[in-house]
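Okay, so here's the structure we're looking at.
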Amino acid sequence: MTMKIYIDGKYYDREDAKISVFDHGLLYGDGVFEGIRIYNGKVFKLTEHIERLYRSAKAIFLDIPMIKEDMGNAVLDAVKINEKKNGYIRLIVTRGEGPLGIDPSPCKKPTVIIIVSDIQLYPDEYYKNGIEIITASSRRIPSDSLDPRIKSLNYLNNIMAKLEARQSGCLEAVMLNKEGFVAECTGDNIFMVKNNKLFTPDPYHGALDGITMRTVKEIAESLNIKTHEATLTRYDIYNADECFMTGTGAEIIPVIKIDGRIIGDGKPGIITGKLIDVFKELTCSL
Ligand code: PXG
């Protein structure tokens, strides 16, 4: 089964799926995207992802040339055509082709791309044993420069933080905002547990409004665990009982060490484990 990639209403084989070198998505990172999971042939939280895509687009003045319903159907169609039962969808809308120069006004038609593929961000053992992370020196772009809720094609500062993690032998990094408060990781939201309560940075501090983060909050509520959107510093994470990250790709992954400090007893925590179990049940019962 070869991969079929959707570009502007047509399907192409992987080798033929190409866009212009004059696309402003490539030239300037001018565009928005979503990463979505397929579990058991069902698209997880499709409406939420489509809604977030259109909110990101609106914020950057990008007029997506189709209505939300058609976009949702295009995603479902791409999943069906690729016969994907478990996998990952990358939905991208770029500013489209235009002349050189950052002014997007000559770009007449946004490019819509849907890739249906696979994703495994971390090996299985990390879900069982947890991972070690560092704090990156690259800060999250300030909210007053680029709202962190916009899931844009500009990931350079996150990539710099990811590289910093890799260079210090870790897989992930936590990013602080310009005031030094914890914002999120390079492609995941962060949570900590203290005294049986969940804490996650208030999105105001510079986090993406994560769909997995929201799902985890709902699961916590169903387990009678309270979640607080808080102002967190590295000190809070160092002294947490448990810590984990959430994201579409990673799902829920325990963090057991940060900046060399062992979190809790250095093993994935009990509440983290419960949340992982319920999340798994949720995605398996779709
Ligand atoms: N923060 C950032 C900066 C993200 O990019 C999240 C948080 C988690 O949000 P969701 O809605 O997915 O729970 C993301 C999402 C990848 C990859 O290819 C990255 C994400 C999602 C899927 C795949 O690394 N980031």
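The values are calculated or read from the model by the stated rules, or taken from the named source; none is laboratory data. Treat the numbers as computed from the prediction; the structure is a model and nothing was measured. Ideal geometry is used to build each Cβ from the backbone, glycine not excepted, and the neighbour counts take in all protein chains shown.
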Inspect all residues belonging to the stretch 120-133 and state whether any of them is in contact with a helix residue (DSSP H, G or I) (Cβ under 7 Å, 6 or more places away or on another chain) and of a type in the set (S, T, N, Q).
no
Output the number of residues of the stretch 248-270 satisfying the condition of being in a loop (DSSP other than H, G, I, E, B), out of contact with any strand residue (DSSP E or B) (no Cβ under 7 Å at 6 or more places or on another chain) and within 16 Å of the ligand (Cβ to nearest atom).
1
If Tyr88 meets every condition in (1) under 23 Å from Ile237 (Cβ atoms); (2) within 15 Å of the ligand (Cβ to nearest atom); (3) not β-branched (Val, Ile, Thr) apart from one, which number is that one?
(1)
Candidate set: the stretch 178-234, residues that are in contact with a His (Cβ under 8 Å, 6 or more places away or on another chain) and closer than 19 Å to Ser56 by Cβ; chosen: the one surrounded by the fewest Cβ atoms within 10 Å (Cβ to Cβ):
Ile211
Can you confirm whether the stretch 56-74 contains a residue that is within 16 Å of the ligand (Cβ to nearest atom) and in a strand (DSSP E or B)?
no
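Residues in the stretch 216-237: is at least one among the aromatic types (Phe, Trp, Tyr) and touching a residue at least 24 places away in the same chain (Cβ under 8 Å)?
Of the stretch 216-237, the ones among the aromatic types (Phe, Trp, Tyr) are 235.
If we keep only those that are touching a residue at least 24 places away in the same chain (Cβ under 8 Å) too, we end up with none.
Taking every residue of the stretch 216-237 in turn, none turns out to be among the aromatic types (Phe, Trp, Tyr) and touching a residue at least 24 places away in the same chain (Cβ under 8 Å).
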Identity of the residue in the stretch 1-56, touching a helix residue (DSSP H, G or I) at 6+ places or on another chain (Cβ under 8 Å) and among the basic types (Lys, Arg), that ends up farthest from Met213 (Cα to Cα):
Lys4
Could you grab me the full set of residues in the stretch 192-247 that are outside any strand (DSSP E or B) and of a type in the set (Ser, Thr, Tyr)?
Tyr204, Thr212, Thr215, Ser222, Thr231, Thr233, Tyr235, Tyr238
Of the residues Ile60, Ile19, Ile50, which is in contact with a strand residue (DSSP E or B) (Cβ under 6 Å, 6 or more places away or on another chain), surrounded by 15 or more Cβ atoms within 10 Å (Cβ to Cβ) and outside the structural domain of Tyr155 (by TED's automatic domain parsing)?
Ile19
Can you go through Asp265, Asp259 and tell me which one is within 23 Å of the chain's Cα centre (by Cα), modelled with pLDDT of 95 or more and more than 23 Å from Glu34 (Cβ to Cβ)?
Asp259
Residue selected from the stretch 21-55 under the condition of a type in the set (Ser, Thr, Tyr) and in a helix (DSSP H, G or I), by the criterion farthest from Lys108 (Cα to Cα)
Thr47
Per the filter on the stretch 128-175, residues closer than 25 Å to Glu242 by Cβ, part of a strand (DSSP E or B) and not aliphatic (A, V, I, L, M) are Glu132, Thr135, Glu172
